[in-house]
Amino acid sequence: MYCSLTLEDFRAGEWPAVIASATNHECVTYSEAFRAKADDARAEGNERSSFVFELLRDICAFGFEPRQIADPFPPMMTFGNRNTIEKCS
């Protein structure tokens, strides 16, 4: 399911608190925290907030390797033939 998010959706969100409360300021930590908040928001019936946290989770799931010109955004982790992101071809 897709949702058109607005600036107000982000302003209403609690995402700055998620970042501030992280014990380890790394993308993988933020990704997990945003996933948990998305689950909480969905359980509370707050679909728009859930989508905000899911988007932030997905953004944090990308690695960034600027020296890899051909593939600067590899997955952060790979598990056999699975990884943390699904690339478009």
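A few remarks follow.
- Residues of the range 15-59 classified as free of Cβ contacts under 8 Å to residues at least 24 places away in the same chain, over 28 Å from Pro74 (Cβ atoms) and surrounded by 15 or more Cβ atoms within 10 Å (Cβ to Cβ), total: 3
- Residue match in the range 40-49 (condition: in contact with a Ser or Thr (Cβ under 7 Å, 6 or more places away or on another chain), part of a helix (DSSP H, G or I) and modelled with pLDDT under 90): no
- Within the range 64-84, the residues that satisfy the criterion of being modelled with pLDDT under 70 and not in a strand (DSSP E or B) are Met76, Met77, Thr84.
- Matching residues in the range 50-63 - criterion: being within 25 Å of Leu7 (Cβ to Cβ) and in a loop (DSSP other than H, G, I, E, B): Ala61
The values are calculated or read from the model by the stated rules, or taken from the named source; none is laboratory data. Just so it is clear, the model here is predicted, and its values are computed rather than measured. Don't worry about glycine lacking a Cβ; one is built from the backbone with ideal geometry, like all the others, and counts go over all protein chains shown.
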